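Structure first, commentary second.
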Amino acid sequence: MKLGALSLDQVRSQLRHASVRLRVGPFAIAVSADDPDFAATLHFLYQDFPLLKDEEPAEFRIRVDYPHGLRRWWRRQVRFFLDDTEPFEPFPSNLAMPFFEWGLNWCIYEHAHEFLIVHAAVVERNGRALVLPAEPGSGKSTLCAALVLEGWRLLSDEFALIAAPDGRVLSIPRPIGLKERSIGIIRALSDTAELGPTFVDTRKGDVAHLRPPGGSVRSASESAMVGWIVFPSYLAGAENRLEPLSKAAGFAKASDDCFNYELLGATGFEFLASVIDNCECFDLTFSNLRAAIDLIDSITAPRSAE
Amino acid sequence: MSARFTPDGVVLLRLLRSPETARELSCREWEDVLWQARVTRLGGRLWHQLRNQALPPAVRRRLSAAFVEGEYERRQMLWEIDRLQAILADFIVLKGGAYAAAGFDLALGRPAGDLDIMVPFEWLGETERKLLERGWEHVIIDEYDQRYYRRWMHELPPLRHRERATDLDLHHAIAPRSSRLRVAMAPIFSAAVPIRSGVRMLSPPDLVLHSAVHLFHDGEVAGSLRDLVDLDWLLRRFDNHEFWHALVPRAIGLGLGRPLYYGLRYARRILATPIPDAVLRASEVMRPPAPVLAFMDFAVPHALIPATSGITRLAARFSWFCLYVRSHWLRMSTLPLLGHLTRKLARRWRSRSAEA
């Protein structure tokens, strides 16, 4: 059963009195919260995500909560808990959803060392995955959202999870977090883009989330063979360029973009090498989103038999 | 749940005591295990004990990941010991470092923490100089704190490596100089056993005694369930006639009867460590006065074990506070303690008024 099969009232009540238990990619999470707006946004963005089976343990029990005392009413804040530990300072109360998304990211990169975790967006077409590893501000999420609206399957906006030395990445198709100008760009790109509410003045500026397409969420249990790694970097006014990288250079850059490459030791090396062995690597510099997509198409379009 | 402690009421302890009970756990209990393993950092240890059983997928993932993280820290620690071998001619490696270097399976997946090594008091100056020459630096710059360590503690102020950022504590004794325990160190150094060239560890009885001193006399006890698990493992590992025969006399000879008494008592109560009756009977001479023991029986479990309800949380806080006060009391005799606390208080007050 999917979250969307519950009514908003049911979701609100479960969040408040117990928890909403979801499968998010490979992870099982339980969320509770007492903010009705948070419930509505969760219900919208995560509508296609499956609920956990009865008696299936969750690995991250997350609570997004108002503090007791003064801050519950005056300059209201919201807090994030993993069980009873609070890894962050509170946020202003209207930012419960971005806080939840960042907190869940933290849970994953801080704990999920059963995977090699690359900080990257991942999309897939015709059975081959395109991995876009990057620092914040590189245009990774914008590019990822645009590709998804072009029909690519979303595997992840944030993490490429590698579970074995088989050249494949897992899928964790969570909402795509868009910041600042990207929100307008993506809205202009497609009438079908389903965005959640815009949160103003977060630490990272304005933030809105693109709802992951139902198809991507339904096939979240299918991993994909990596075909290409493209390192994007957005540079205003730059010429749009796509340049091939040697495997060695691609390996070095990708290992820099991992959260836990060193921590995994030899395993990390093997997992990443299996990906690099089987894919092509490129550097992408872009100032125009359309041109960037065309460049990506030029390397990823299925080649007709000659 | 009442404030009265029963080890079977804490699902993490139940699993540590009898891993085969994993089959019977409910969904909610597994979630509590994951939480308790996270806060006590015992996930890697649990994985080592449970990996061959049928576990829910989320549990497999979290525990195996904790193991991977512990292994990373173990590798780092072994590397640091290797680097120290190149700098120092002869040193003793303590606690986690010793378990790793000796190849104990206790060290598998165990988050290592700081590296602790020990050399005789007379070698301190020379050893410190060599370390400072080879990339280690003082973390504490404050002059009073530096003097405090050198005057009262059983270790120099902590060092950190300039490039690798690993922390190193250089000890010369197993209990603070100012402590109410007066430990003769010469027999401990001479009993130490070689692990590899230039690296030694404490003899089996001394490993156990140091583990108990560290847990009950060197800190606040709070949150140290991991230390009790170490102690439990050591006692099971050295379970032979010669070891048990030597343990109590050694403790009494070194003046470490009290920490050993606590160690045996709470390892047995909390982790069901098997201890021969003869040893328990012999250890009775080290028993503290009844009111002290009553307090410890209440406070130790509450301080060690993650609280699951409001009442136990309150009991845990109270226990932490009392054990914190106790740790200072044990560490220093009365006059220096008063001086130290006055100093700390004055400093806190000054920094407050500076902020205001």
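Data overview
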| read-out | value |
| --- | --- |
| Debye equation applied to the C-alpha atoms of the protein assembly as shown, log10 I(q)/I(0) at 0.07, 0.08 Å⁻¹ | -0.56, -0.73 |
| Unit charges at the beta carbon, dipole of the protein assembly as shown: most positive-side option, B:Phe295, B:Leu15, A:Leu95 | B:Phe295 |
| Dipole of the protein assembly as shown [Lys/Arg +1, Asp/Glu -1 at C-beta], most positive-end residue of A:Ser13, A:Ser223, B:Val229 | B:Val229 |
| Net charge contributed by nearby residues that have their C-beta within less than 10 Å of A:Arg63 (K/R +1, D/E -1) | -3 |
| Convex hull projection area averaged over all views, chain A, Cα basis, nm² | 16.9 |
| Amide H partners (placed H, <5 Å) of B:Gly109, local residues excluded | B:Glu71 |
| Cα gyration tensor shape for the range A:1-121, rounded if a/c is under 1.5, else prolate or oblate | oblate |
| Vicinal HN-Hα couplings computed from phi for the range A:150-163 (Karplus, 6.51 cos²θ - 1.76 cosθ + 1.60; Hz; Gly/Pro x) | 7, x, 5, 7, 7, 9, 5, 9, 10, 10, 9, 9, 10, 9 |
| Helical segments meeting 30 Å axial Cα length and Kyte-Doolittle 0.0 threshold in chain B (DSSP H) | B:310-331 |
| Charged-residue dipole, Cβ positions (Lys, Arg, Asp, Glu), the range B:7-355 about Cα centre, Debye nearest 20 | 720 |
| Cβ-placed point charges (K, R +1; D, E -1), dipole of the range A:3-111 about Cα centre in debye, nearest 20 | 380 |
| Ranking of A:Lys53, A:Lys204 by count of other Cβ atoms within 10 Å, fewest first | A:Lys53, A:Lys204 |
| Scaled radius of gyration (Cα, divided by 2.2 N^0.38 Å) that the range B:39-86 gives | 1.42 |
| Two-decimal Rg/Rh across the range A:118-165, once Rg and the Kirkwood Rh are taken from alpha-carbon atoms | 0.96 |
| Lysine pairs within the protein assembly as shown, Cα separation less than 17 Å, 8 or more sequence positions apart or different chains | 5 |
| Amide H within-cut-off set for A:Leu155, under 5 Å, with H built and near neighbours excluded | A:Val122, A:Val123, A:Glu124 |
| Helix-only CD estimate at 222 nm, as mean residue ellipticity for chain A, using -39500 (n - 2.57) per DSSP H run (n ≥ 4) | -9500 deg cm²/dmol |
| Student exercise, the range A:59-185 dipole from Lys, Arg, Asp, Glu Cβ charges, in Debye to nearest 20 | 480 |
| Rounded to 10°, Cα long-axis angle of helix A:289-300 versus longest principal axis of chain A | 60 |
| Among B:Met286, B:Leu94, B:Trp79 - extreme Cα towards positive end, dipole of chain B, charges at beta-carbon | B:Met286 |
| 5 angstrom amide H check on A:Lys2, placed H, neighbours 5+ away | A:Leu51 |
| 3J(HN,Hα) from dihedral phi, the range A:119-127, Karplus parametrisation 6.51/-1.76/1.60, rounded to Hz, x for glycine, proline | 6, 7, 8, 9, 10, 9, 9, 6, x |
| Calculated Rg and Dmax of the range B:7-355 using C-alpha coordinates, Å | 20.6, 61 |
| Other protein chain Cβ atoms within 10 Å, averaged over every residue that makes up B:56-66 | 6 |
| Rounded tilt (10° steps) of A:36-45 against the dominant C-alpha axis of chain A | 30 |
| Between 0 and 90°, nearest 10: helix A:266-277 axis offset from chain A longest Cα axis | 50 |
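Each value in this text was obtained by applying a stated rule to the coordinates, not by laboratory testing. Treat the numbers as computed from the prediction; the structure is a model and nothing was measured. Heads up, the Cβs are rebuilt from the backbone with ideal geometry, glycines too, and the neighbour counts pull from every protein chain shown.
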